[in-house]
Amino acid sequence: MDTNGKAIKVYYNSACPVCKAGIEAQQGELQACQIAWQDVHTDNSLAAEVGAELEFVRERLHVVDAKGRVLVGYAALLEIGRHSPKQQKWVKVLGLPGIRQLGGLAYNGFAAVLYRWNRLKKHW
């Protein structure tokens with residue numbers, strides 16, 4: 001839960017084995033947090049909640065933060081990390097100017113390759 005008492009929502013694709021493993025690790029670490037985990041693979045209509053096409057939500061992590069903002073990709077990853085006591089120090093470093101931009105580029109590149117791999121493997 002955020003400092004203002006509102007939960008965040010995380011939109012992810014469980015059909016991707018890499019994404020599923022990452023989310024399950026986060027769920028285990030963040031059990032005490034009130035995070036709504038939204039799996040777009042089991043409910044395709046959830047993509048509409050973030051105003052994005054289903055395929056884009058399958059490709060990149062989405063988060064609706066406590067203020068109602070939609071964060072995508074690397075920014076979404078950092079937002080989840082802010083809720084983890086173990087990750088908060090890393091989030092501060094990874095969110096610094098320059099590092100944030102490089103991290104975003106790396107995330108987007110990896111997400112695109114992973115998405116194509118999942119499509120070739122017919123995971124959905």
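The values are calculated or read from the model by the stated rules, or taken from the named source; none is laboratory data. Treat the numbers as computed from the prediction; the structure is a model and nothing was measured. For neighbour counting, all protein chains shown are included, and Cβ atoms are generated from backbone atoms with ideal geometry for every residue, glycine included. We work out accessible area using only protein heavy atoms, side chains counted, and drop any ligands, DNA or RNA first. Shrake-Rupley method; radii C 1.70, N 1.55, O 1.52, S 1.80 Å.
Descriptive notes on the structure:
- For the options Gly81, Gly109, Gly73, a Gaussian network treatment of the chain with springs between C-alpha atoms closer than 10 Å singles out Gly109 as fluctuating the most.
- Helical segments meeting 24 Å axial Cα length and Kyte-Doolittle -0.5 threshold in the chain (DSSP H): 99-120
- Surface exposure of the chain, expressed per residue as accessible area with a 1.4 Å probe, stands at 58 Å².
- Cleavage-rule hits, GluC sites (Glu not before Pro), the range 1-98, DSSP coil, Cβ neighbours within 10 Å at most 15: Glu53
- Of the trypsin sites (Lys or Arg not before Pro) found in the range 23-124, those in coil by DSSP whose Cβ has at most 11 other Cβ atoms within 10 Å are Lys67, Arg69, Lys86, Lys121, Lys122.
- Square roots of five times the Cα gyration tensor eigenvalues for the chain, Å: 22, 18, 13
- Placing a pseudo-label 7 Å from each Cα along the Cα-to-Cβ vector at Arg69 and Asn44 gives an inter-label distance of 3.2 nm.
- Free-standing Cys, the chain [no other Cys Cβ under 4.7 Å]: Cys33
- Number of Lys-Lys pairs in the chain with C-alpha atoms under 26 Å apart and a separation of 8 or more places or on different chains: 19.
- FRET E, pair Gln27, Gln101, Förster distance 41 Å, beta-carbon r, rounded to 0.05: 0.90
- At q = 0.17, 0.20 Å⁻¹ the log10 of I(q)/I(0) for the range 48-115 amounts to -0.64, -0.86, computed by Debye summation with a single uniform scatterer per C-alpha, solvent ignored.
- Overall form of the range 1-62 per C-alpha gyration tensor (a/c, 1.5; a/b vs b/c): oblate
- For the range 17-69, the fraction of 1.4 Å probe accessible surface lying on carbon and sulfur atoms is 49 percent.
- In the chain, the calculated helix contribution to ellipticity at 222 nm averages -14000 deg cm²/dmol per residue, counting -39,500 (n - 2.57) for every DSSP H run with n ≥ 4.
- At full extension, Trp90 and Ala36 could sit 17.2 nm farther apart than now, given 0.36 nm per residue minus the alpha carbon distance.
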